[in-house]
Amino acid sequence: MNRTVRDTTDASRYEIFEDGQLAGFTEYRIIGEKIALNHTETLEGFTGRGVAGHLIAEVLADARRRNLAVLPFCPVVRQTIARHPEQYLDLVAITDRQRFHLPT
């Protein structure tokens with residue numbers, strides 16, 4: 001199985017492809033030096049295979065590379081950050097953490 005993630009800027013979403021087929025996406029909006037991650041969806045037929053986890057890891061890695069602070073409006077993104085604070089919590093500004101019920 002081959003998975004690739006693309007930033008489809010014209011649609012303001014990251015898309016994950018599994019063996020060439022669209023398997024899911026995360027919608028976002030850039031606000032200055034921040035990226036608001038609004039919604040993640042795994043398409044039918046791809047659920048339960050770790051697609052969303054792989055996608056979110058790539059999205060958060062890209063935010064880090066681009067030096068963007070993360071606004072985790074999407075519950076799946078927020079859960080990922082909460083479960084792996086040692087990897088991702090620093091991506092959320094201290095001033096925004098309480099708003100998203102993350103450790104300060």
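Just the residues that are in contact (Cβ under 8 Å) with a residue 40 or more places away in the chain and in a loop (DSSP other than H, G, I, E, B), please, taken from the stretch 48-78.
Within the stretch 48-78, just C74 meets the criteria.
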* Asked: How about the stretch 28-53: which of its residues are hydrophobic (A, V, I, L, M, F, W, C) and either within 12 Å of the chain's Cα centre (by Cα) or modelled with pLDDT under 95 (or both)?
  -> I35, A36, L37, V51, A52
* Would you be able to say whether some residue in the stretch 54-72 is touching a Gly at 6+ places or on another chain (Cβ under 7 Å), modelled with pLDDT of 95 or more and aliphatic (A, V, I, L, M)? => yes
* Asked: When F25 is evaluated against the numbered criteria (1) more than 13 Å from the chain's Cα centre (by Cα); (2) in a strand (DSSP E or B), which criterion, by number, is the only one it fails?
  -> (1)
* To do: Out of the residues in the stretch 47-104 that are in contact with a helix residue (DSSP H, G or I) (Cβ under 7 Å, 6 or more places away or on another chain) and of a type in the set (K, R), state the one that is surrounded by the most Cβ atoms within 10 Å (Cβ to Cβ).
  => R78
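Take the residues of the stretch 6-58 that are of a type in the set (F, W, Y) and touching a Ser or Thr at 6+ places or on another chain (Cβ under 8 Å): which is farthest from Q79 (Cα to Cα)? Give the steps one after another, and end with the answer.
At the first step, the residues of the stretch 6-58 found to be of a type in the set (F, W, Y) are 14, 17, 25, 28, 46.
After this cut, where a residue has to be touching a Ser or Thr at 6+ places or on another chain (Cβ under 8 Å) as well, the list is 14, 17, 25, 28.
Values: Y14: 18, F17: 22, F25: 17, Y28: 17 Å.
It comes out as F17.
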* To do: Examine the stretch 79-87 for a residue that is basic (K, R) and in contact (Cβ under 8 Å) with a residue 12 or more places away in the chain, and state whether such a residue exists.
  => no
* Structure fact -> Exception for L71 within (1) under 12 Å from the mean Cα position of the chain (by Cα); (2) under 30 Å from M1 (Cα atoms) falls at (2)
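The values are calculated or read from the model by the stated rules, or taken from the named source; none is laboratory data. Being a predicted model, the structure only gives us computed values, none of them experimental. Glycine gets a Cβ as well: all are built from the backbone with ideal geometry, and neighbour counts include every protein chain shown.
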